[in-house]
1. Taking θ = phi - 60°, what integer Hz values does the Karplus form 6.51 cos²θ - 1.76 cosθ + 1.60 yield along segment 86-96, in sequence order, with x for Gly and Pro?
2. Please list, ordered by chain and number, the residues whose modelled amide H lies under 5 Å from the amide H of Ala41; skip anything fewer than 5 residues away on the same chain.
3. Using label points projected 7 Å from each Cα along Cα→Cβ, tell me how many nm separate Val52 and Asp28, to one decimal.
4. With each label point set 7 Å from Cα along the Cα-Cβ vector, what nm distance links His91 and Leu71?
Amino acid sequence: MLARLFESSRSFWQQHAPGFLDTRARRDARLGAMAARFEAALTEVAPKPAYVLRVRILRARCPADLWQLRLDLFNAVAKSCGQSEAQARLHALDALFSHRGGPAYGLPRRSPHQ
């Protein structure tokens, strides 16, 4: 009885686990690529604020966590490089989220008029 139960659950995991693991790996790779872009936006930022933001970027567990760092990143870049450079960098980072708006990513849905 127990062996038959184990066999049936094993077939379930053989069928479903690879897809789950592949999806998770893709999600982790996408988050890693987004985090790398956020770190690259810290170029020429003063060491202390850059360090604090890098730690927060590394702790991000989902795209919504990175979305929440945008204002702090903007302020740090604006202090070191000027407001126009901060706006340009933030605009480049916003492109990472442009096709993701919605509850699934923890972001507000964009209206077509924005």
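1. Computed from phi, the couplings for segment 86-96 are 4, 5, 5, 5, 5, 4, 5, 6, 4, 4, 5 Hz.
2. none
3. Going by the 7 Å Cα→Cβ label model, 3.1 nm.
4. So the two model labels end up 2.2 nm from each other.
Where a number appears in this text, it was derived from the coordinates with a stated rule and is not lab data. What you see is a predicted model; the values in this text were computed from it and never measured. Reconstructed Cβ throughout: ideal geometry from the backbone, glycine too, with neighbour counts over all protein chains shown.
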